[in-house]
Structures are given as structure tokens and as C-alpha cells.
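The values are calculated or read from the model by the stated rules, or taken from the named source; none is laboratory data. Computed from a prediction, not measured in an experiment: that's the story for all the values here. Every residue, glycine as well, gets a Cβ built from its backbone with ideal geometry; the counts of neighbours run over all protein chains shown. Please note that ligands, DNA and RNA were not included when accessible areas were found on the heavy atoms of the full protein model with its side chains. Shrake-Rupley method; radii C 1.70, N 1.55, O 1.52, S 1.80 Å.
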Amino acid sequence: MTENLSPADVIRRLDAGRSVVIRLKRRSITLILPSVVLLGLFLVWLLMLMVGGGIEQGTHWALVVFNLRTVAVMVGIVGCLVIVPVGLAARLLRDDSLLLSRDGIVEQHHGRTMSQTFMHWSEIDTVTFESLTARPGFKMVVYRLTPDAVRRRGLRGWMAGTVPLRTGYELKGRRLFEVLSAAHARYSGTGRSAR
């Protein structure tokens, strides 16, 4: 059962010296899997219709198979029946969670802390809830590192210092943003709120 974690409750627990674990919401991931597999099976049926119809009309098999639409459907089949299920299974087996403490935020896999993912609150410049893609309406929690943190970690490139959090946790989007913003404002030492 999901805990009802408000920003005030999280801060109260962190102030008391306890850590807060935000777990992966396994149910949402297991609900995605059947939908993706069904879409993949629909694409297999569509591919059979396309190839069968082309061959019945006397079109050479190579022209049917290497048609741009046919290739696009085959790519969709591989994505829906191989790539997405393997990725979701790996995520479920890894049992991701976020661990918040007064010191910072870190990812956990199977309850083991992944020390290379640790971010001290003072290393984070801002916590935002924004879209990193052109897709309207799809927003995610992003934290941006301070220039010193980017330099210390040796990050390079145009996205250096921009850390998008994965989705699928018990606290979704805006609620996760509110919790992380409150913790950042409280423990970063900057005394400012995240936007």
C-alpha cells in the first residue's frame, strides 16, 4: 500500500533523522505490459494482412517485405514484443526506489544504494517539473546541477547537469516534484525555493 507522503510529512521525517523511500509502483508497470503485447500482436496481424495481400496481388515478395510501411510495422513488432517487455522486466527485477535523506537523494536497486547516483542537496541548483521533449503535456521531474557539481563530476555536453528522474514511482509527477522541491529548499543551504 502506498504511503500518503506530503511534502510536510517528508520534511518532518527527514528533520527527525529518518530517511524516506519512494518505491517503484509495480502495478503501473505490470499494467503497461499486456497493453504493449496486445499492440504487438495487432501489428503481427496487420503485417500478415499486408504481406498476404501484396503477394495475392502478384507483387514480388521482396517489394512487399521491404516496403517502408512493412518495415515500420516490423520495427513496431520488435519494439512491442521484445524491447519494451525486456525493459519493463528489467525494471521490475531491479526494483528501483529513491532514497531521500537530509544529505541528498540516491537511487536504490534491490534495496542496495547505488552510490554513483548520490546527489547532495547542495549540488542541485533547481528542481523543476517540465517537459524535456517536444511532446506537449508530458512533464517529468528534473533537477539541474550547480556548475561546480557539473565540473566535479566531469559532465560534458549540452545536457550536462540536467538529470531527469525516471517515471513509475509511487509518487507521480507533480507530487514527487513537490516533495523533492521541499527537501531541496530545506536542506540545500541556499534558502530558496525550487520553481
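Given the criterion touching a residue at least 60 places away in the same chain (Cβ under 8 Å) and open to solvent by less than 70 Å² (accessible area, probe 1.4 Å), identify the matching residue among Val141, Val150, Val179, Val163. Lay out the reasoning, then the answer.
On the way: Val141 fails: touching a residue at least 60 places away in the same chain (Cβ under 8 Å); Val150 fails: touching a residue at least 60 places away in the same chain (Cβ under 8 Å); Val163 fails: touching a residue at least 60 places away in the same chain (Cβ under 8 Å).
It is Val179.
Within the stretch 22-37, is there a residue that is loosely packed, with under 15 Cβ neighbours inside 10 Å, in contact with a Pro (Cβ under 9 Å, 6 or more places away or on another chain), in contact (Cβ under 8 Å) with a residue 24 or more places away in the chain and not polar (S, T, N, Q)? The answer is yes, given that some residue of the stretch 22-37 is loosely packed, with under 15 Cβ neighbours inside 10 Å, in contact with a Pro (Cβ under 9 Å, 6 or more places away or on another chain), in contact (Cβ under 8 Å) with a residue 24 or more places away in the chain and not polar (S, T, N, Q).
Within the stretch 114-126, residues that are aliphatic (A, V, I, L, M) sit with their Cβ atoms under 6 Å from residues that are assigned to a strand (DSSP E or B), at 6+ positions apart or across chains, in these pairs: Met114/Glu107; Met119/Gly104; Met119/Ile105; Ile124/Tyr143. Of the residues making up the stretch 75-88, those that are within 14 Å of the chain's Cα centre (by Cα) and either modelled with pLDDT under 90 or open to solvent by 60 Å² or more (accessible area, probe 1.4 Å) (or both) are Gly87, Leu88. The condition of being at pLDDT below 90, part of a helix (DSSP H, G or I) and of a type in the set (A, V, I, L, M) holds for only one of Ala62, Ala72, that being Ala62.
Table: residues versus (1) within 28 Å of the chain's Cα centre (by Cα); (2) more than 29 Å from His110 (Cβ to Cβ); (3) free of Cβ contacts under 8 Å to residues at least 24 places away in the same chain; (4) surrounded by 14 or more Cβ atoms within 10 Å (Cβ to Cβ).
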{"position": "Leu14", "(1), (2), (3), (4)": "yes, no, no, yes"}
{"position": "Leu43", "(1), (2), (3), (4)": "yes, yes, no, yes"}
{"position": "Leu47", "(1), (2), (3), (4)": "no, yes, no, yes"}
{"position": "Gly54", "(1), (2), (3), (4)": "no, yes, yes, yes"}
{"position": "Ala62", "(1), (2), (3), (4)": "no, yes, yes, no"}
{"position": "Phe66", "(1), (2), (3), (4)": "no, yes, yes, no"}
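Against the conditions (1) assigned to a loop (DSSP other than H, G, I, E, B); (2) of a type outside the set (Phe, Trp, Tyr); (3) without any contact (Cβ under 8 Å) to a residue 40 or more places away in the chain, Leu93 satisfies every one except (1).
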